[in-house]
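Data block below; observations after.
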Amino acid sequence: MSTITEKLWRLAGVDVGRALATGPVQAIWGGTVLAESENTVVVEGNHYFPPEDVNREYLQASDRHTTCPWKGVASYYDVIVDGERNQAAGWYYPKPSKAAAQIKDHVAFWHGVKVKRAPQR
């Protein structure tokens, strides 16, 4: 990681030495597992799930977009479980800045989606 990238991550509150989560983490809403991964990237306290570990059948693209000064433009997903919609409850960066390249297309959640350690199996 470049020195500039390390400085940006530290300014954003990322522990560069521990940016990757250890152990499986789940995102759950309405009793349904939306995502589960051992390879989330933690940025500013949010777990970003790799795209291949997200259950996309529960996500629908939203028209919402926001801009983060250091990560870039975020796109959002509505979460839909059993006909219930949680608007803009997931977000991702399709074209992040160089400093946030590690989370490209990774999905993070909020608005009542619980992100926690997965149970031991």
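What follows is calculated from the coordinates using simple rules that are stated; it is not laboratory data. Everything numeric in this text was worked out from a predicted model, so none of it was measured. Note that each Cβ is placed from the backbone with ideal geometry, even for glycine, and that neighbours are counted across all protein chains shown.
If each of Ser62 and His111 carries a label point 7 Å out from its Cα toward its Cβ, how far apart are those two points in nm?
0.3 nm
Once amide H atoms are built 1.01 Å from N in the peptide plane, which residues 5 or more positions from Arg64, or in another chain, come under 5 Å H to H?
Here the answer is Tyr76, since their amide H atoms fall under 5 Å of that of Arg64.
Taking the simple approach of a point 7 Å from Cα along Cα-to-Cβ for both Trp70 and Glu38, what is their distance in nm?
Distance between label points: 3.0 nm.
Arranged by the count of other C-beta atoms within 10 angstrom, fewest first, what order do Phe49, Phe109 take?
Phe109, Phe49
What list do you get for Asp78, Asp63 if you sort them by fewest beta carbons within 10 Å?
In increasing order of surrounding Cβ atoms, one gets Asp63, Asp78.
Quick one: order Thr67, Thr32 by neighbouring beta-carbon count within 10 Å, fewest to most.
So the residues, fewest neighbours to most, are Thr67, Thr32.
What's the local net charge at Lys71, with K and R +1, D and E -1, over the other residues with C-beta under 13 Å away? Please list the in-between numbers first.
On the way: positive: Lys95, Lys98, Lys104; negative: Glu44, Asp105.
Net charge in that neighbourhood comes out at +1.
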